[in-house]
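The values are calculated or read from the model by the stated rules, or taken from the named source; none is laboratory data. Owing to the predicted nature of the structure, the values given are computational and were not obtained by experimental measurement. Using ideal geometry, Cβ is built from the backbone for each residue, glycine included, and neighbour counts are taken over all protein chains shown. SASA here: full protein model, heavy atoms, side chains in, ligands and nucleic acids out. Shrake-Rupley method; radii C 1.70, N 1.55, O 1.52, S 1.80 Å.
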Amino acid sequence: MRLDVVTIFPEYLDPLNVSLVGKARARGQLDVRVHDLREWTYDRHNTVDDTPYGGGPGMVMKTGPWGDALDDVLADGYENGSHGPALVVPTPSGRPFTQELAVELSERPWLVFTPARYEGIDRRVIDEYATRMPVYEVSIGDYVLAGGEAAVLVITEAVARLLPGVLGNAESHRDDSFAPGAMANLLEGPVYTKPPEWRGQGIPDVLLSGHHGKIARWRRDEALRRTTRNRPDLVERCDPSAFDKKDREMLSILGWRPGPDGRFGRDPDAVEE
Ligand code: 6GU
């Protein structure tokens, strides 16, 4: 997969040389190119922004540098054999970044990221490229960052670990908490390793029992408990056919009751177990 990032802070993307993404690059599984937007400015001050039409606070990134940069990056990519580029525009006004979108992006051969600072990029830039290629405007959550570079790091890591051969074990994704099509998207429960006692805390006995059925059941119960506590919306969204008899017993203990449509809702007075 080829990735291009156009930014006024190229050094912000240095973490792409580290860990999983760095190793995928070193192995040739990912071809990452980071470009300095200011190379496509021609004035003495390397201006990339200007005041917004219609007034208001902040500055807007200008069409000229973005259009010239993207034209050059796209041309160079094609010359080097890449095809089917998609633009990924990080913005707090984008669609939520989910595991499902990570899977979709991981199936594309070439992603071009346009992280912006200030109040964003002149709309005409995105509208023009959208006539030629898919454009994904993406937000990584309900909070506001000073710029899109951190979002590029987040999206790249989520996408890179899905590429064939990047994670060691091909089975590893199927169990991801948010894997699309998973029976139930539950959060994963707690994990433990040696030593067996640390600062007076032991390991739950069941994990030392060697009884695989009981261990699987305990893990499932812990997943239900943690999901109830941290993401009750995920339980509400679950297709009730994802829950077996033992799940239903645990859900009941946690205060969940099936509604008329079979989906689970929580007794508002339920106390946490
Ligand atoms: Cl992609 N960019 C910015 N600036 N803020 C965000 C975001 C992106 N996603 C959530 N907040």
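Quick look at the values:
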| item | result |
| --- | --- |
| For Tyr136, residues with placed amide H under 5 Å, excluding near neighbours | Leu87, Val88, Val89 |
| Separation of the Glu236 and Ser19 label points, Cα + 7 Å toward Cβ, nm | 3.2 nm |
| Inter-site label distance for Asp31 and His173 at 7 Å from Cα along Cβ, in nm | 2.1 nm |
| Cβ-Cβ FRET estimate between Tyr143 and His212, R0 fixed at 51 Å, reported to 0.05 | 0.80 |
| Sequence-distant residues sharing a close amide H with Tyr118 (under 5 Å, placed H) | none |
| Extension gain from Leu163 to Arg44, taking 0.36 nm per residue of separation minus the Cα-Cα distance | 38.6 nm |
| Acute angle (nearest 10 degrees) that the helix 149-160 long axis makes with the longest principal axis of the chain, alpha-carbon atoms | 60 degrees |
| In degrees, nearest ten, helix 212-230 long axis to first principal axis of the chain (Cα) | 60 degrees |
| Accessible surface, 1.4 Å probe, highest first, among residues Tyr136, Tyr42 | Tyr42, Tyr136 |
| Positive minus negative residues near Gly56 (Lys, Arg vs Asp, Glu; Cβ under 15 Å) | -3 |
| Residue-wise HN-Hα coupling along the range 77-94, computed from phi with Karplus coefficients 6.51, -1.76, 1.60 (Hz; x: Gly, Pro) | x, 4, 4, 8, x, 7, 9, x, x, 10, 8, 10, 10, x, 7, x, 8, x |
| Heavy atoms of Glu197 accessible to a 1.4 Å probe, total area in Å² rounded to 10 | 120 Å² |
| Long-range HN-HN contacts of Val34 with modeled amide H, under 5 Å | Val5 |
| Accessible area (Å², 1.4 Å probe, nearest 10) - Arg95 | 110 Å² |
| Surface share of carbon and sulfur [accessible, 1.4 angstrom probe, percent] for the chain | 51 percent |
| Relative contact order computed over the chain (Cα-Cα under 8 Å; 6+ residues apart), in percent | 16 percent |
| Accessible area (Å², 1.4 Å probe, nearest 10) - Val154 | 70 Å² |
| List Ser93, Ser252, ordered by accessible area with a 1.4 Å probe, largest first | Ser93, Ser252 |
| Relative contact order computed over the range 197-266 (Cα-Cα under 8 Å; 6+ residues apart), in percent | 24 percent |
| Accessible area in square angstrom per residue, the chain, 1.4 angstrom probe | 57 Å² |
| Order by protection proxy (mean Cβ within 10 Å, highest first), peptides 231-237, 219-225 | 219-225, 231-237 |
